[in-house]
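The values are calculated or read from the model by the stated rules, or taken from the named source; none is laboratory data. Because the structure is predicted, anything quoted here is derived from the model rather than measured. Cβ placement follows ideal geometry from the backbone for every residue including glycine, while neighbour counts extend to all protein chains displayed. Protein only, heavy atoms only, side chains kept; ligands, DNA and RNA dropped before computing areas. Shrake-Rupley method; radii C 1.70, N 1.55, O 1.52, S 1.80 Å.
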Amino acid sequence: MITFVFRKGSPTVFSIEKLFDALYLHLEKSGARLRRIELPHISVGIVSVLRNVWFVARRRRTKILHITGDVHYATLLCPFSRTIITVHDCVVLQRGTGFKRLVLWILWFGLPVRLASAIVVISEQTKRELLKTVSIPEEKIRVIPNFVDPALVFSERPFASERPRILHVGTTPNKNLPRVVAALRDVPCVLVIVGQLPQSILRDLQESGVRYENFVGIDHAMMTRLYRDADIISFPSTYEGFGMPILEGQAVGRPVLSSDLEPMRSVAGQGGALLVNPQSVDAIREGFLALLGDSLLRARLIAAGKDNCRRFTLEAVAASYLALYRGFDKR
């Protein structure tokens, strides 16, 4: 029995849950014996963390315990010899300083990552960052990337040249939305933003005059529709563990603007996205204007993106995880 442990679900969070839901179903169809448990509490405060730890400990009778992401601490009362943790990024350490950061490091990395039997990371960039964060043997880490959501199907769409829809997924600081808003000042478009908008960004939008639509708390089907209805995908992020919106945009056949940083460069593939300096409003603006005005550029990016998606199939990722699980049979 392989037990998948998911963080508490949220209507505003998609990436980890939707991917591992699809992986779970694929592995189940292949004959693997699986069980899914979802933590009862969002990881806010030490009390909720301890309740989650105890919740998993009472359900630890399993051959393999796989923490699918973000709640690494959930393993702390479980047999580490049968534990796998998938680490998506180290962004949790940016949530605090001083003593708070130390506690986050201990609960998310210092103890669980050191003691778990195997660690999976989703990119070489996350692997490098993790090795800087925790002292563990490099051979303990496997790189298994994310995969393209099978629900996202390539579909051609006439480009709305008069007022294109630019989809921007995420409003946390690393998603770089303030610079995107500044870059689109006086550009005829509709900026479609997924995520809760803080007052500071609402002020930026009002002052810039950028026409926008905002979606919060949408489900997976609506998220898929927003990708299909988009003309351009905006993802000049300053920090990522992987960068799923790049693949999601490529999968539906939309040109992607992203960051000339890792792991975005590697995820986008050769010529699969227009890469810009995410720290420069001018560079982001020039990128958008190039996409808006050059149909041949858009066509090249769409074609390269479609080819790139073949590197990230559900079947290949599932095979990598099955190989990892079978390794426990030899112990």
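Close amide H partners of Leu34, meaning residues 5 or more places away or on another chain with modelled amide H under 5 Å apart, are Ile2. Converting phi to 3J(HN,Hα) with the Karplus coefficients 6.51, -1.76 and 1.60 and the offset θ = phi - 60°, the range 153-164 yields 10, 4, 8, 6, 8, x, 6, 7, 5, 6, 8, x Hz in sequence order, with x at every glycine or proline.
The coefficient of translational diffusion for the range 184-331, derived via Stokes-Einstein from the alpha carbon Kirkwood radius under 25 °C and 0.890 mPa s, stands at 145 µm²/s.
Close amide H contacts of Arg142 (hydrogens built in the peptide plane, cut-off under 5 Å, sequence separation of 5 or more or a different chain): Ile119, Val120, Val121.
In the range 1-140, the C-alpha radius of gyration followed by the widest Cα-Cα span (Dmax) gives 14.5, 47 angstrom.
Taken per residue, the accessible surface of the range 131-272 reaches 42 Å², heavy atoms only and a 1.4 Å probe. Amide H to amide H, with H built 1.01 Å from N, Asn214 comes under 5 Å of Ile193, counting only residues 5 or more places away or on other chains. Were the residues from Asp282 through Ala221 laid out at 0.36 nm apart, the gain over their Cα-Cα distance would be 18.5 nm.
Directionally averaged projected area (the range 116-211, Cα convex hull): 9.6 nm². Coupling constants for the range 318-323 follow from the phi torsions by the Karplus curve (6.51 cos²θ - 1.76 cosθ + 1.60, θ = phi - 60°), and in residue order they are 4, 4, 5, 5, 4, 4 Hz; glycine and proline get x.
Across all C-alpha atoms in the range 57-172, the radius of gyration and Dmax reach 18.4, 59 Å.
Could you tell me what percent of the accessible area of the range 212-309 is made up of carbon and sulfur, with a 1.4 Å probe and every protein chain present?
50
Pairwise Cα distances in the chain exceed 36 Å in 21 percent of cases.
Working note: Karplus 6.51/-1.76/1.60 with θ = phi - 60° gives the range 264-275 the couplings 4, 4, 5, 5, 5, x, 5, x, x, 8, 8, 9 Hz, where Gly and Pro are set to x.
Judged by the mean number of other Cβ atoms found within 10 Å, the most tightly packed of the peptides 173-180, 239-246 leads the ranking 239-246, 173-180.
For the range 220-276, a Kirkwood hydrodynamic radius built from all Cα pairs, placed in the Stokes-Einstein relation at 10 °C and 1.306 mPa s, yields a translational diffusion coefficient of 142 µm²/s.
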